[in-house]
Amino acid sequence: MDLNEMVFVSVDDHVVEPRHMFEGRMPAKYVDQAPRVVRTDEGDDVWVFDGTTIPNIGLNAVAGRPRDEYGVNPTSFEEMRPGCYDIHERVKDMSAGGVLASMCFPSFPAFSGRLFAASVDKDLALAAVRAYNDWHIDEWAGTYPGRMIPMALPVLWDPERCAEEIRRVAAKGCRSLTFTENPVELGYPSFHQEHWDPMFAAMVDVGMILNIHLGSSGKLAVTAVDAPMDVMITLQPMNICMAAADLVWSRVFKAFPELRVALSEGGTGWIPYFLDRLDRTYDMHHAWTGADFGGRMPSEVFREHILTCFIADPVGLALREEIGIDNICWEQDYPHSDSSWPAAPEELVGMAARYGVSDTELDKITHANAMRWYHFDPFTSVPREQATVGALRASVAGHDVSTRSMDQGRHADERMNLGELAASATA
C-alpha cells in the first residue's frame, strides 16, 4: 500500500489543557473556584483546584523536542509546542504527521478525572466535570469536525450521576468515556460489584465505549523507590494487563453483553500469551472456582468486548492473527514521549512490511476498526481524498515540524527520583 494513500486515526493522544478552558463554562457561584493555571516562582505553569496543585509533567508534552530534553520535572507552556494545547496548531501538527483524526485523553484532571472526584464539595466537582466535558466536546473536538473523536470524563464518585452525564454528552455526539483501570486503588468498589451498573447501563444505551488508559488508577508500577526510572517506564503496561484480567473474570460482560472496552496505550504483544493463560486457567480451574462463560472460552469473551491499542508494537503485528485483527487499533500518543510524531505512519508501515501485513489488515488497524468501535465517521466532514497521509501533509506544506530545543534551563540541576514521581502521580 502506498503510504500517501493511507488513512490514519489515532485512538490515543493527549491534550494539555489551555489556560482559558473553564472561562464561561462554570456556574456563576463557582467561577472563583474553577481550576486555574498559576505561574510558580520557579517559572512552572501549574493547575490549581480545590487546594491541590497539579504540574504539567515534562514527559507529557515533549513532541518536537530533542530526546535529551525529556524528563519528568514540571514545565511551562513556553516549553511546549503550541499543538499540545492549541486546537488550531494541533490540527496542523496532525496533518503534518499524516493523521486524520485523534482521540485525546485529559492531562491535569488525571485520566479518570480523579482530581475532581477528590473534591469534598461534590456540586463543585460535578460543575467542573461538566465544564471540562463541554469544553472538550464543543471546542477541542467541535472546532474541526471529523478531526477529533470526542471523549468525556466520568462522574467517578456517583454512578447514577455518571449515567446522567453519559446521556448528556451522548446527546452532544460523544461516544467515548475515560475511566480508571482499577477503581479500588481510588477508594471505590471493584468491577466485581454492582456499584457501577448504572454507568454501564447508560453506556450500553447510548453505544459508548469505556476507555481504560494505562496508569489511570494513579498507581505506577514501582519496584523500589531507588530503582531507575527505566523500570517504571518498562513496566507501565502491567497495570493494563491486570485490568483486562479483572474485567474478563468479573460479572461486567455477563451483565452487560453489549459493553465494549478499550485498553488504551496497553500495547498488544502480550495479548496472545494472556489469552492462552485465560483459557488454560479456565480449563484447569473452573470446576472448583465456578467460572462460567456460558459454554464459551474466556478468550472469546475478550475478543468480543475488548479493543487493544498500540503505538509501536512489532511483536503484536507479528502475532496479529492470534490477537484478532478486528481487535487492534493504532495510536500515536502525541505529545507524549512514546510518540514518533511526525513520522508515526512511516514507523507503522515499516513494521507492517516486515511482517507481511496485508492492505486490508492495515486499513483495519489504521482507521476502520477505530471508526467501527467508536461509531465515528470522519468522512462525513472530510472527503476521503482529502483524508490521506499525502493530502493532509500537502494541506499544511511548510508547517514547521523540526526538532528544536525548548528547555529554559530552570530544572537543569534537578532530577526527580522514582519514589517522588510515584507520590505525585497524576495519571
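The values are calculated or read from the model by the stated rules, or taken from the named source; none is laboratory data. Keep in mind the model is a prediction, meaning the values are calculated, not measured. All Cβ positions, even for glycine, are placed from backbone atoms using ideal geometry, and neighbour counts span all protein chains on display. The accessibility values were calculated without ligands, DNA or RNA, using every heavy atom of the protein model including side chains. Shrake-Rupley method; radii C 1.70, N 1.55, O 1.52, S 1.80 Å.
What the table below lists for this structure:
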read-out: Qualifying trypsin sites (Lys or Arg not before Pro) in region 346-407, DSSP loop, other Cβ atoms within 10 Å at most 14; value: Arg404
read-out: Rh (Kirkwood; distinct C-alpha pairs) - region 149-235, Å; value: 14.2
read-out: Structure-derived Cα extents along the principal axes in Å: which label, when the choices are (i) 63, 54, 48; (ii) 92, 49, 36; (iii) 68, 53, 40; value: (i)
read-out: Theoretical FRET efficiency, 1/(1+(r/R0)^6), r = Cβ-Cβ of Lys254 and Asp363, R0 30 Å, to 0.05; value: 0.35
read-out: Cα-based convex hull, region 1-121, per residue volume (Å³, whole number); value: 131
read-out: 5 Å binning of all Cα-Cα separations within region 166-297, expressed as whole percents from 0 upward; value: 2, 9, 16, 19, 19, 16, 10, 5, 2, 0
read-out: GNM flexibility winner over the chain from Leu392, Leu319, Leu235 (Cα, springs under 10 Å); value: Leu235
read-out: Cα-centre dipole for the chain with unit charges at Cβ (Lys and Arg positive, Asp and Glu negative), debye to 20; value: 680
read-out: Net lengthening on full extension, Tyr144/Ser190 (0.36 nm per residue, minus Cα-Cα); value: 12.8 nm
read-out: Rounded, prolate or oblate (a/c below 1.5 giving rounded, otherwise prolate when a/b exceeds b/c) for region 237-289 by Cα gyration tensor; value: oblate
read-out: Rough spin-label spacing in nm, given labels placed 7 Å along Cα→Cβ, for Ala171 and Val396; value: 3.4
read-out: Solvent-accessible area, 1.4 Å probe, carbon plus sulfur percent, for the chain; value: 50
read-out: Hz values of 3J(HN,Hα) by residue in region 328-342 - Karplus curve (6.51, -1.76, 1.60), Gly and Pro given as x; value: 10, 10, 8, 9, 9, 6, 5, x, 6, 6, 7, 6, 9, 3, x
read-out: Lys, Arg +1 and Asp, Glu -1 on Cβ, resulting dipole of region 23-169 about Cα centre, debye, nearest 20; value: 480
read-out: Label point distance in nm, Ala245-Glu23, each placed 7 Å from Cα along Cα→Cβ; value: 4.9
read-out: Geometric extent, Cα atoms of region 325-398 - Rg, Dmax (angstrom); value: 13.2, 36
read-out: The chain - accessible surface per residue (Å², probe 1.4 Å); value: 40
read-out: Spatial separation of Cα centroids for region 84-156 and region 196-253, in angstrom; value: 19
read-out: Normalised contact order of the chain, rounded percent, pairs of Cα under 8 Å and 6 or more residues apart; value: 24
read-out: Gap separating the Cα centres of region 172-194 and region 24-58, nearest whole Å; value: 25
read-out: Relative contact order (percent, whole number), region 278-364, Cα cutoff 8 Å, 6+ residue spacing; value: 25
read-out: Under the span-like rule (Cα at least 20 Å along the axis, Kyte-Doolittle mean at least -1.0), DSSP H helices of the chain; value: 271-289
read-out: Amide proton proximity set for Ile209, modelled H, under 5 Å, gap of 5+; value: Ser176, Leu177
read-out: Rounded FRET efficiency, nearest 0.05, which uses the C-beta distance separating Thr234 from Gln408 and R0 of 41 Å; value: 0.90
read-out: Candidates Arg36, Arg260, Arg280, ranked by Gaussian network fluctuation over the chain, Cα under 10 Å, top entry; value: Arg280
read-out: Residue among Ile137, Ile212, Ile233 with the largest mean-square fluctuation in a Gaussian network model of the chain, springs linking Cα atoms under 10 Å; value: Ile233
read-out: Expected 222 nm ellipticity per residue - DSSP helices of 4 or more, -39500 (n - 2.57), all of the chain, to 500; value: -9000 deg cm²/dmol
